[in-house]
Amino acid sequence: MTKKLLIFLTIVAIFSLTAWVAAKADNDNSTSSKGQINAEEHRSAVANFVQGLLNVADREEGGIGQQVRVIAQQQNDSEGTTTQAIEEVEKRNKIKTFLFGSDYKNLGVLRSEMVHTRNRLDQLNRLMTNTQNATDTAETQSQIQILEQEQTKIENFIKAQEGKFSLFGWLLKLFNR
């Protein structure tokens, strides 16, 4: 009789835990959009950023135009990697996340891309000082602010993903160091 009771309680505990994980995941999904990013929003924002920079580059042919064009192209290339990493983190199985934690590999990719983007923003800020046209300076500054906002959203996304509760995540972090 005790074995049957123990098996029954184990099954009830597993189902309860699974239901709790599913409810927590639904709650996380409904509240995670504040100040965070999803892949499609990021793709759109970067496309707008690149287009704005290319407009500046076209007007600045003789001066900084080519350098701005290169930065725009680099950011456009980076967008694919970033978007793919965000999608991978977003579609990770909720139970797997509960047991083992977030997708730390793709979160690392996002951190790496953030460093590259920060370097490009620094280059743009330096180039902006060489711009003769006030309109181009204002447009470049506007594009820089847009990309900085995207950086903040990605950082919030990373923090939220790393902050998710997991049973064995601490163990995986220990082995990944």
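The values are calculated or read from the model by the stated rules, or taken from the named source; none is laboratory data. Remember, it's a predicted structure, so these values are computed and weren't measured experimentally. Note: ideal-geometry Cβ built from the backbone for every residue, glycine included; neighbour counts use all protein chains shown.
Things to note:
- Residue, surrounded by the fewest Cβ atoms within 10 Å (Cβ to Cβ), within region 101-143, restricted to residues that are in contact with a Lys or Arg (Cβ under 8 Å, 6 or more places away or on another chain) and under 30 Å from residue 162 (Cα atoms): 104
- With respect to the conditions (1) over 23 Å from the mean Cα position of the chain (by Cα); (2) closer than 23 Å to residue 41 by Cα; (3) crowded, with 17+ Cβ neighbours inside 10 Å, residue 55 falls short on a single one, namely (3).
- Residue 40 being buried (at least 16 other Cβ atoms within 10 Å of the Cβ), of a type in the set (D, E, K, R) and part of a helix (DSSP H, G or I): no
- Test: residue in region 58-65 that is farther than 30 Å from residue 163 by Cα, out of contact with any strand residue (DSSP E or B) (no Cβ under 7 Å at 6 or more places or on another chain), buried (at least 17 other Cβ atoms within 10 Å of the Cβ) and touching a residue at least 40 places away in the same chain (Cβ under 8 Å): yes
- Scan of region 88-98 for residues that are surrounded by 15 or more Cβ atoms within 10 Å (Cβ to Cβ), in contact (Cβ under 8 Å) with a residue 12 or more places away in the chain and over 12 Å from residue 158 (Cβ atoms), ordered by number: 88, 90, 94, 97, 98
- Wholly enclosed helices (runs of 4 or more DSSP H) of region 67-177 bearing at least 1 residues modelled with pLDDT under 95 and under 19 Å from the mean Cα position of the chain (by Cα): 94-100, 104-128, 134-162
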